[in-house]
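The values are calculated or read from the model by the stated rules, or taken from the named source; none is laboratory data. Only a predicted model underlies this, so the values are computations on that prediction, with no experimental measurement involved. With ideal geometry, Cβ positions are generated from the backbone for all residues, glycine too; neighbour counts draw on all protein chains shown.
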Amino acid sequence: PAAAGAGAAAGAAGRAGDAIVGTPPGFESDAVFARMAANLRTQPRLPAKVEGSFGFTVTGGPGGAVAEWWVVARSDAAPRVAVGKPATKPDCLVTISDAHLVALAAGKLNGMSAYLSGKMKLKGDMRLAQKLAALVGAGPRSKL
């Protein structure tokens, strides 16, 4: 209940372009989610390109902490990036470590390799996971 309330509060204030309220301290991947929010704010066609919602469980934070974020990038809803559990079931659930998410966003880790090696776990619409690169912005591609 407390986590759901925190997610709802963060969702209201976590619209793309706003500060992401409630970000857990010490997670390097916070910068990845901030970039997603900025991309959603500055690229009005991005939600229609992605057309989905994500739930992220990020492991391996400071002291072994786990944090959750959610992202809505759909043409029929306001774009959002928020901390906590989503109010509705996301189309794609992603479980990944903090370090691996940062490496993925930087182009140092290939998404397919991360999935096949177990570094990233997916549930739901796996095809949607291929659109994560559009959310995080154009970065250098991994040669893995």
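Considering only residues that are at pLDDT 95 or above and among the acidic types (Asp, Glu), look in the range 69-124 and name the one that is farthest from PRO44 (Cα to Cα).
Looking at the filtered set, the residue picked out is ASP98.
State all residues of the range 47-102 that are among the basic types (Lys, Arg) and surrounded by fewer than 22 Cβ atoms within 10 Å (Cβ to Cβ); if no residue qualifies, say none. Let's see the steps before the verdict.
Keep residues of the range 47-102 that are among the basic types (Lys, Arg), which gives 49, 74, 80, 85, 89.
Matches in the range 47-102: LYS49, ARG74, LYS85, LYS89.
Here are some conditions: (1) out of contact with any Gly (no Cβ under 9 Å at 6 or more places or on another chain); (2) crowded, with 16+ Cβ neighbours inside 10 Å; (3) within 15 Å of ALA34 (Cα to Cα). GLY111 meets all but one. Which one does it not meet?
Only one criterion in (1) out of contact with any Gly (no Cβ under 9 Å at 6 or more places or on another chain); (2) crowded, with 16+ Cβ neighbours inside 10 Å; (3) within 15 Å of ALA34 (Cα to Cα) is unmet by GLY111, namely (3).
Can you name the helices (runs of 4 or more DSSP H) wholly within the range 71-144 that have at least 1 residues being of a type in the set (Ser, Thr, Tyr)?
Working: elements: 98-105, 111-116, 126-129, 132-136.
Result: 111-116.
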